[in-house]
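Input: a single structure, listed below in structure tokens.
The values are calculated or read from the model by the stated rules, or taken from the named source; none is laboratory data. Treat the numbers as computed from the prediction; the structure is a model and nothing was measured. Positions of Cβ are backbone-derived with ideal geometry, glycine not excepted, and every protein chain shown enters the neighbour counts. These area figures cover heavy atoms from the full protein model, side chains too; ligands, DNA and RNA do not enter into them. Shrake-Rupley method; radii C 1.70, N 1.55, O 1.52, S 1.80 Å.
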Amino acid sequence: MQAKDRSQRLVAADPRPLIGEPLCLDVINTRWVDGGVHRDLLDSTGGLAVWLHSAGLDDRATADQATLDATVETRGILLELVERRSTPETAEALNRILAHGALHPRLGPDGPENHPRTDDPAWLPSWLAAADYLRLLADSPGRIKPCAHPDCVLHFHDTTKNGTRRWCSMAICGNRAKAARHYERSKTGP
């Protein structure tokens, strides 16, 4: 067994309640609230390893302190941007992240391919997340949404046909909101 295969098996399961969102939102969702307690997957290089594995980047990036620092910085900038606090400063901060890399086109066995390259390998996950944010912003900016539950800090890309998704997860936050409304109705009586 190769060392890489062995290390991949040692990565803990991703504990986050919402995974699989586009990369820019997935990195934002590395902080969440669980039972009223704020959690942060990027509080250590071990947590970074979990996120890299979950995001499918563990074969392209190393879970070290430099990558952690770059990823945490990027998460903060992306969070400000998706919460509609775009300022010249946050735009410039995102542009600084994007300046760390570029897409390099090449001809592959199945035709044209684009390969991202960064000036420092620690910036690859951050560059990919920043580039993904620009893609979502160009394709469907109104579909980047925060969860409607007041205690939830997660964000999602609304892929519903009519664009009316409100919850990060209907099973978790949507159900909590429905239960709260039912409880309020039952308290006031018929």
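Taking the condition of being surrounded by 16 or more Cβ atoms within 10 Å (Cβ to Cβ) and basic (Lys, Arg), how many residues in the range 135-168 meet it?
Adding up the residues that qualify gives 3.
Can you tell me which condition ARG16 does not meet? The list is (1) part of a helix (DSSP H, G or I); (2) of a type outside the set (Ser, Thr, Tyr); (3) crowded, with 19+ Cβ neighbours inside 10 Å, and all the others hold.
(1)
Scan the range 149-160 and report the pairs whose first residue is more than 16 Å from ASP26 (Cβ to Cβ) and whose second residue is open to solvent by less than 20 Å² (accessible area, probe 1.4 Å), with Cβ atoms within less than 9 Å and a gap of 6+ or a chain change.
From the range 149-160, the pairs are HIS149/CYS168; HIS149/CYS173; HIS149/GLY174; HIS149/ALA177; PRO150/ALA177; ASP151/CYS173.
Here are the criteria: (1) under 29 Å from LEU68 (Cβ atoms); (2) at pLDDT 90 or above. Tell me which single one ASN162 does not satisfy.
Every condition holds for ASN162 apart from (1).
When you go through (1) open to solvent by 100 Å² or more (accessible area, probe 1.4 Å); (2) modelled with pLDDT of 95 or more; (3) not in a strand (DSSP E or B) one by one for LEU107, which number turns out not to apply?
Every condition holds for LEU107 apart from (3).
For the range 110-130, how many residues meet the condition of being in contact (Cβ under 8 Å) with a residue 24 or more places away in the chain and surrounded by 18 or more Cβ atoms within 10 Å (Cβ to Cβ)?
Looking only at that region, the number is 9.
Against the conditions (1) at pLDDT 95 or above; (2) closer than 19 Å to ALA130 by Cα, where does TRP32 fall short? Just the number, please.
Unmet for TRP32, out of (1) at pLDDT 95 or above; (2) closer than 19 Å to ALA130 by Cα: (2).
Based on what the data block shows, is HIS157 modelled with pLDDT of 85 or more and touching an Asp or Glu at 6+ places or on another chain (Cβ under 8 Å)?
Taking the combined requirement at face value, the residue satisfies it.
What is the residue count in the range 39-65 for residues that are closer than 17 Å to ARG75 by Cβ, in contact (Cβ under 8 Å) with a residue 40 or more places away in the chain and not in a helix (DSSP H, G or I)?
Of the residues in that region, 4 qualify.
To keep it simple, each residue is scored yes or no on (1) in contact with a strand residue (DSSP E or B) (Cβ under 6 Å, 6 or more places away or on another chain); (2) over 13 Å from ARG16 (Cα atoms); (3) open to solvent by less than 50 Å² (accessible area, probe 1.4 Å); (4) of a type in the set (D, E, K, R).
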| position | (1), (2), (3), (4) |
| --- | --- |
| GLY35 | no, no, no, no |
| ASP43 | no, yes, no, yes |
| GLY47 | no, no, yes, no |
| GLY56 | no, yes, yes, no |
| ASP59 | no, yes, no, yes |
| ALA63 | no, yes, yes, no |
| THR67 | no, yes, yes, no |
| ALA70 | no, yes, yes, no |
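Going by what's in this entry, would ARG96 be described as free of Cβ contacts under 8 Å to residues at least 60 places away in the same chain, touching a strand residue (DSSP E or B) at 6+ places or on another chain (Cβ under 6 Å) and charged (D, E, K, R)?
no
Looking at (1) of a type in the set (Ser, Thr, Tyr); (2) closer than 22 Å to VAL153 by Cα; (3) modelled with pLDDT of 95 or more; (4) open to solvent by 10 Å² or more (accessible area, probe 1.4 Å), which is the only condition THR74 fails?
The number of the failed condition is (4).
Just the residues that are under 27 Å from THR62 (Cβ atoms) and in contact (Cβ under 8 Å) with a residue 40 or more places away in the chain, please, taken from the range 78-93.
LEU78, LEU79, LEU81, VAL82
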